[in-house]
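*Asks:* Sharing a structure, written as structure tokens. Questions coming.
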2 protein chains.
Amino acid sequence: MSQAAHPPEAPDHSGALSYEQAGVQYDLIDPLKVAAQRAAASTARHLVAKGHAEIEGSRGESAYVVDVGPFHVASIVECLGTKTLVADEMQRLTRKPYFAGIAQDTIAMAVNDLITVGATPLVVQAYWAAGGSAWFADQARAQSLVQGWKDACDVCRVAWGGGETPALAGIVEEGRIDLAAACTGIVNPKARLSLGDDLAAGDAIVLLGSSGIHANGLSLARKLVERLPQGYLTEIEPGLLYGDALLAPTVLYSPVTEALWAAGVPVHYAANITGHGWRKLLRHPKALSYRVHTVPPVPAVLRFIQQQAKMSDEDAYGTLNMGAGFALFVAADLAQKTVDVAKACGVPAWVAGEVSAGAKALHIEPLGLHFSGADLQLR
Amino acid sequence: MSQAAHPPEAPDHSGALSYEQAGVQYDLIDPLKVAAQRAAASTARHLVAKGHAEIEGSRGESAYVVDVGPFHVASIVECLGTKTLVADEMQRLTRKPYFAGIAQDTIAMAVNDLITVGATPLVVQAYWAAGGSAWFADQARAQSLVQGWKDACDVCRVAWGGGETPALAGIVEEGRIDLAAACTGIVNPKARLSLGDDLAAGDAIVLLGSSGIHANGLSLARKLVERLPQGYLTEIEPGLLYGDALLAPTVLYSPVTEALWAAGVPVHYAANITGHGWRKLLRHPKALSYRVHTVPPVPAVLRFIQQQAKMSDEDAYGTLNMGAGFALFVAADLAQKTVDVAKACGVPAWVAGEVSAGAKALHIEPLGLHFSGADLQLR
């Protein structure tokens, strides 16, 4: 129940597409989430009875953390979402399998969230629920899913523990697959916990580059296809099809967080920039201002979506990652080192801004954009 | 990838229903599982690089176990399956919400598997993927899911860490929900690990009672409805509707395994009796014979299914739990104590048989049934 909240309404100028128009109605989900969060919080006492303790600050964060004595255990389950619908359609159009990238996306959803709390991911479990046994009969597609899953585990250096491959005719639509990943890790030593206790004015904001849309905003991206005469085969720049660009796999950020710890860079806080776009920079409850002075280049596919959906910069940065897939908050004197470590891992990175005292707000100065704390309600 | 294999073909007498006829085609899934298992096994080296180690014997068992030093960490993700289709139909017929029981079923799928390795479950994560936001608009149903989930966590004394509630229009069918649970636990002390190293001739087999069909065999149970003029409203005994009987929630067995450890009863091995019915007693790879001398009473709903589907005892016991939802293998002199501990937890239990030397086989003596090791291929 760590994800929630209302994206902003899209402005009412003709041709603009909002999330609600794309079929996601957050207001129908939220009351359930509130009830679930309350019920879930009440169960923490069971850990105490076993001699352990919940890290209370992890409730509402991206992964749940339990103090088991010598270290903390973190765990999470994350859904891929609807990106497979793009892969299915592109496979139909091009006859190529896209599920290696989809596998990486699914693991990224879990691992990139788990590492925000300072955890080293240890084990990934696969959840592949197909609409029927026939899904698995397409050997090329199935093998690309397996290979991509393994490759992503290798990049993140996690063990693939096992998983479930149910055939759920009547629940999952025929020909479709519902993909998710569960991940368990440890925070060791406990000092690696990065729930924001050390987040403070003066910290630097380091942004890590995204590869494209990653796995959030796909409902909008799919809705947009209906407006394109060539659909997914539209060239968004010479030689790059819209469908292929959408299917660029999500960057796996755990090599960066592991390398940072090894290099002696403590992370004060981290935010996985998924749904709600850059508003995720406002995730921590502390009253702090976030000033961004450097904006990463926008991947072609996100620039294209913004233009085609006629989204304002406010909508685009408030909904999509716009080139920044992950944010790290570190001591200012370690900001450049953080960038260097990320780049050494092959991940583009920028010292993008700083944390300052003041009302909770995000200022993206080069674009003249301002979001307040009220623009993000995740808890 | 811990679950797999082919159920036996149903005998070819008229009117008999087999799993294949009910729509589950295992032969289309298996090649993928083999590829996935191989790929997964190759990732264990990443744990070693981090100073940890896979417990190799847990591959192919019901949960994956990692030695993290002071204790082991176990993790799993499990799907409920298609039991929600019965709940949906019964809600339509009776206007009552059934999702509290469904929540318990889902948690049972994960927790009852996790405990087989000797783990104490610590954290459950919820995976509730709906066919659209509208699923959550039925407040009574949604609240019963939340309440049932919390209640099951309370019974198992696990913390509900959080989860995902995606709305997956286009992947999950409209009006349906795909439910799964991820569970993380610890094996502490390490001596609690129950992967069968101590399983030996002379051990006793203790069976724990089931509440009915639990969450395996539902495809068959649903197929059968088409033959019943009253469908789910058929009285299978006075005052008990088929639909209500099917929806009896799965027994949660973790209170028993926790109580056994507290009472000083080491479990040599444990098997969660789910798909493949009593053939799960043959789960451990050791060449041992299992002689059952006492068969628990068969719940009315399973007796009804066997009769209506014209299943032989061999098919019924080889596919369904037939009243035994969980098996414990313990030292013979602790068998009665095991039964007493289970009963003190409110779970019916029987000293049902014994392990003996000999070729891998299960003999259910009161019924004259014999299964060989070849009848169960889970790895």
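The values are calculated or read from the model by the stated rules, or taken from the named source; none is laboratory data. It should be emphasised that the depicted structure is a prediction, and the values quoted were computed from it without experimental measurement. As a convention, Cβ positions derive from the backbone with ideal geometry for all residues, glycine included, and neighbour counts pool all protein chains shown. Ligands, DNA and RNA are excluded from the accessible area calculation, which covers all protein heavy atoms including side chains. Shrake-Rupley method; radii C 1.70, N 1.55, O 1.52, S 1.80 Å.
*Asks:* Amide H to amide H, which residues 5 or more places from A:Y269 or on other chains are under 5 Å from it, using H placed in the peptide plane?
*Replies:* Amide H neighbours of A:Y269, under 5 Å, 5+ apart: A:F329.
*Asks:* Share of Cα-Cα pairs in chain A beyond 32 Å, in percent?
*Replies:* On the way: 22172 of 71631 pairs.
Summing the P(r) of chain A above 32 Å gives 31 percent of all pairs.
*Asks:* Further question on the same structure: Can you pull out the trypsin sites (Lys or Arg not before Pro) in the range B:183-233 whose DSSP state is coil and whose Cβ has at most 16 other Cβ atoms within 10 Å?
*Replies:* B:R227
*Asks:* Leaving out ligands, DNA and RNA, what percent of the accessible area of chain A is carbon and sulfur, probe 1.4 Å?
*Replies:* About 51 percent, which is the carbon plus sulfur part of the accessible surface.
*Asks:* Taking the Cβ-Cβ separation of A:D333 and A:Q307 as r and a Förster radius of 41 Å, what is the calculated FRET efficiency to the nearest 0.05?
*Replies:* The calculated FRET efficiency here is 0.55.
*Asks:* Next question. Largest first, how would A:E78, B:E54, B:E174, B:E235 line up by accessible area (1.4 Å probe)?
*Replies:* Output order, biggest surface exposure first: B:E174, B:E235, B:E54, A:E78.
*Asks:* Nearest to the axis that maps chain B onto chain A: list the chain B residue whose Cβ wins, with the distance in whole angstrom.
*Replies:* Minimum Cβ distance to the axis, with residue: B:A182, 2.
*Asks:* Trypsin sites (Lys or Arg not before Pro), restricted to the range A:58-120: which are DSSP loop and have at most 12 other Cβ atoms within 10 Å?
*Replies:* A:R95
*Asks:* Find the centroid of the Cα atoms in the range A:268-285 and in the range B:47-81, then give the distance between the two in whole Å.
*Replies:* Answer, in whole Å: 31.
*Asks:* Amide H of B:V123 versus every other amide H placed in the peptide plane: which residues, excluding those fewer than 5 positions away on the same chain, fall under 5 Å?
*Replies:* B:A159, B:T184
*Asks:* While we're looking at this one, here's another question. According to the Kirkwood expression over distinct Cα-Cα pairs, how big is the hydrodynamic radius of the protein assembly as shown, in Å?
*Replies:* For the protein assembly as shown, inverting the mean 1/r across all distinct Cα pairs yields 26.5 Å.
*Asks:* Determine the shape class of the range B:204-375: with a ≥ b ≥ c the square roots of the Cα gyration tensor eigenvalues, call it rounded for a/c under 1.5, and otherwise prolate if a/b is greater than b/c, oblate otherwise.
*Replies:* It is oblate, given that a/c is not under 1.5 and a/b is not larger than b/c.
*Asks:* In sequence order, what are the phi-derived ³J(HN,Hα) couplings for the range A:168-179 according to the Karplus relation 6.51 cos²θ - 1.76 cosθ + 1.60 with θ = phi - 60°, rounded to whole Hz, with x for glycine and proline?
*Replies:* Working through the residues one at a time gives 10, 4, x, 10, 8, 5, 4, x, 10, 9, 9, 10 Hz.
*Asks:* Still on this structure, I have one more. Cross-link partners among lysines for A:K360, C-alpha distance below 23 Å, same-chain residues fewer than 8 apart left out?
*Replies:* Candidates past the 8-residue exclusion: A:K280, A:K286.
*Asks:* Non-local amide H neighbours of A:G358 (under 5 Å, H modeled in plane, Pro and chain starts lacking H): which ones?
*Replies:* Residues meeting the criterion, in which the H sits 1.01 Å from N, are A:S289.
*Asks:* Taking only protein heavy atoms and a 1.4 Å probe, what accessible area per residue, in Å², does the range B:48-192 have with all protein chains in place?
*Replies:* Accessible area per residue: 26 Å².
*Asks:* Another question, then. Residue by residue through the range A:57-68, which ³J(HN,Hα) values in whole Hz follow from phi under the Karplus form 6.51 cos²θ - 1.76 cosθ + 1.60 (θ = phi - 60°), with glycine and proline marked x?
*Replies:* x, 7, 5, x, 7, 7, 8, 9, 10, 10, 7, 9
*Asks:* Still on this structure, I have one more. With each pseudo-label sitting 7 Å past Cα toward Cβ, what's the B:A262-B:E56 distance in nm, one decimal?
*Replies:* The two pseudo-label positions are separated by 3.7 nm.
*Asks:* Follow-up question, since we're still on this one. Name the residues of the range B:170-207 whose accessible area, probed at 1.4 Å, falls by at least 50 Å² once all protein chains are in place instead of their chain on its own?
*Replies:* By number: B:G170, B:I171, B:E173, B:D178, B:T184.
*Asks:* Oh, and also: Over the alpha-carbon set of the range B:201-262, divide Rg by the Kirkwood Rh and report the Rg/Rh ratio to two decimals.
*Replies:* With Rh from the inverse mean 1/r over Cα pairs, Rg/Rh is 1.16.
*Asks:* Note the buried accessible area between A and B here, summed over both chains, with a 1.4 Å probe, in Å² to the nearest 100.
*Replies:* For A against B, buried area totals roughly 6900 Å².
*Asks:* Quick test of the membrane-span-like rule: which DSSP H helices of chain B reach at least 18 Å along their long axis (C-alpha atoms) with mean Kyte hydropathy at least -1.0?
*Replies:* Long hydrophobic helices here: B:26-41, B:99-114, B:139-156.
*Asks:* If you take every residue apart from B:L246 with its C-beta less than 11 Å away from the C-beta of B:L246, what net charge results, scoring Lys and Arg +1 and Asp and Glu -1?
*Replies:* -1
*Asks:* Now for a separate question. Once every DSSP H run of n ≥ 4 in chain A is given -39500 (n - 2.57) and the sum is divided by its residues, what mean residue ellipticity at 222 nm do you get, rounded to the nearest 500 deg cm²/dmol?
*Replies:* -9000 deg cm²/dmol
*Asks:* Related question: Explain nothing, just the number: relative contact order of chain B, from Cα pairs under 8 Å at least 6 residues apart, as a whole percent. If you can, show how the numbers build up before the last one.
*Replies:* Values: 830 pairs, mean separation 79.1, N = 379.
Reported as a whole number, the value is 21 percent.
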